[in-house]
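The values are calculated or read from the model by the stated rules, or taken from the named source; none is laboratory data. Quick caveat, the model's predicted, so the values are computed rather than measured. Here the Cβ positions follow ideal geometry from the backbone for every residue, glycine too, while neighbour counts run over all protein chains shown.
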Amino acid sequence: MRHDLENAPALLDDIAHIARDVRDTLGAGYPARAYLDALRHAVSKRLPARRVEKLTTTFDGHSIEFRSGSTLLVAGVVAVHAIVADKTHPHHRAALRRRLEALDVTAGVLLNFADSEVADGNSFIVREVDTD
């Protein structure tokens with residue numbers, strides 16, 4: 001089932017603000033999973049949020065499972081991928097796109113918690129989908 005984007009812009013904004021609060025409170029030096037768990041805890045006070053452990057894709061008709069321990073699904077419509085890196089690279093954005101596809105959602109955010117301005121300059125992705 002494809003989820004619509006009706007609530008996604010407001011959710012992305014809320015998630016970015018909460019992420020900034022999480023980074024400001026915890027400070028630097030934790031692994032991505034620690035920030036993601038803190039973000040899940042903070043977000044889940046207002047919205048349903050769950051960490052996604054495993055995802056699947058297909059290759060040549062074969063189902064392939066991959067780990068996704070640094071991904072959060074918020075309100076069933078927004079995927080959040082957390083990283084801790086000196087800078088955000090194209091492969092980080094590609095990883096978020098793969099998660100959007102596997103979760104069958106259209107909006108996502110890539111949060112780099114190594115940056116003290118975690119919610120500024122991060123990648124927000126909206127995926128084009130068929131609406132058959």
Starting from residues that are of a type in the set (S, T, N, Q) and within 27 Å of Leu47 (Cα to Cα), keep the ones in segment 58-87 and report whichever is modelled with the lowest pLDDT. Ser68
Given the residues Asp104, Asp60, Asp86, which is the only one that is among the acidic types (Asp, Glu) and surrounded by 12 or more Cβ atoms within 10 Å (Cβ to Cβ)? Asp104
Within segment 16-49, count every residue that is under 13 Å from Ala75 (Cα atoms), modelled with pLDDT of 90 or more, surrounded by 13 or more Cβ atoms within 10 Å (Cβ to Cβ) and of a type outside the set (Ser, Thr, Tyr). 3
Quick one: which residue in Ala79, Ala75 is crowded, with 17+ Cβ neighbours inside 10 Å and under 11 Å from the mean Cα position of the chain (by Cα)? Ala79
Looking only at residues in segment 88-132 that are modelled with pLDDT of 75 or more and closer than 18 Å to Ala42 by Cα, which one is farthest from the chain's Cα centre (by Cα)? Phe113
Report the residue count in segment 57-94 for those that are more than 18 Å from Ala34 (Cβ to Cβ), of a type in the set (Gly, Ala, Ser) and in contact with a strand residue (DSSP E or B) (Cβ under 8 Å, 6 or more places away or on another chain). 3
Considering only residues that are β-branched (Val, Ile, Thr) and within 17 Å of Asp14 (Cα to Cα), which ones fall in segment 25-84? Thr25, Val43, Thr71, Val74, Val77, Val78, Val80
Hey, does segment 1-12 have a residue that's in a loop (DSSP other than H, G, I, E, B) and modelled with pLDDT of 90 or more? no
Just give me the residues in segment 49-82 being in contact with a Pro (Cβ under 8 Å, 6 or more places away or on another chain) and among the small types (Gly, Ala, Ser), in sequence order. Ala75, Gly76
